[in-house]
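The values are calculated or read from the model by the stated rules, or taken from the named source; none is laboratory data. As the structure is a computational prediction, the values presented were derived from the model and not from experiment. Methodologically, a virtual Cβ is constructed for each residue, glycine included, from the backbone with ideal geometry; neighbour enumeration extends over all protein chains shown. These area figures cover heavy atoms from the full protein model, side chains too; ligands, DNA and RNA do not enter into them. Shrake-Rupley method; radii C 1.70, N 1.55, O 1.52, S 1.80 Å.
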Amino acid sequence: MERKLVSQLFKQYYKQMYGLARTILYDEQESKDVVSDVFERLLGTDITLLPDTTKQYLFVSVRNSCLKQIRKKSVRERITGLYAEEKLVGSSLEEDDERLENILRFAQTHLSVEELTIFRYRFLSGMSYDDIACEMGISKVAVWKHLSHLIRMMKKQFKVPEL
């Protein structure tokens, strides 16, 4: 794709694309990297974007790149990232392991069997809502409802607003 066209698209859509990435990733630098990578891929290909679908293509590319980025992270990195935002950056690995064990213990003792299964699939196995729904024979909406309920319980228990 021509550098001039990519530059024009960058000027026109960067802020919106960055906002979308930031909404998904909750990380300033990762969001900037994802958006930059989308434009870098455009420069490296001979793709022809249609005027009617250019914006949609760019936003879907950002969303997909963000989802790939999330999949790359381990459960430990996700939990550590959440705690870092709560000013626990300086804590030791032992403390992190203890927190993780507390969360798992709480899940095992306070969640229903179905919620615990969904918790494990989502947070320990990294499965998508679709995959969980298919595996358990329930709807995606049911998966969402169970996850939102158990997350509310954990927020209350551990007093972590971003959990």
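Observations
- The set of residues from the stretch 97-119 being loosely packed, with under 15 Cβ neighbours inside 10 Å, within 22 Å of Ser139 (Cα to Cα) and among the β-branched types (Val, Ile, Thr) comprises just one member, Val113.
- If you go through the stretch 134-154 and keep only what is closer than 12 Å to Glu114 by Cβ and open to solvent by less than 60 Å² (accessible area, probe 1.4 Å), you end up with Met136, Ile138, Ala142, Val143, His146, Leu147, Leu150.
- Helices (runs of 4 or more DSSP H) contained in the stretch 21-99 and holding at least 2 residues farther than 21 Å from Met154 by Cβ, modelled with pLDDT under 85 and among the charged types (D, E, K, R): 54-72
- Residue in the stretch 120-133 that is farthest from Arg105 (Cα to Cα), counting only those that are of a type outside the set (Phe, Trp, Tyr) and either open to solvent by 70 Å² or more (accessible area, probe 1.4 Å) or part of a helix (DSSP H, G or I) (or both): Asp130
- Only one of the numbered conditions (1) open to solvent by less than 20 Å² (accessible area, probe 1.4 Å); (2) without any contact (Cβ under 8 Å) to a residue 40 or more places away in the chain; (3) more than 21 Å from Gln8 (Cα to Cα) is violated by Leu25, and that is (2).
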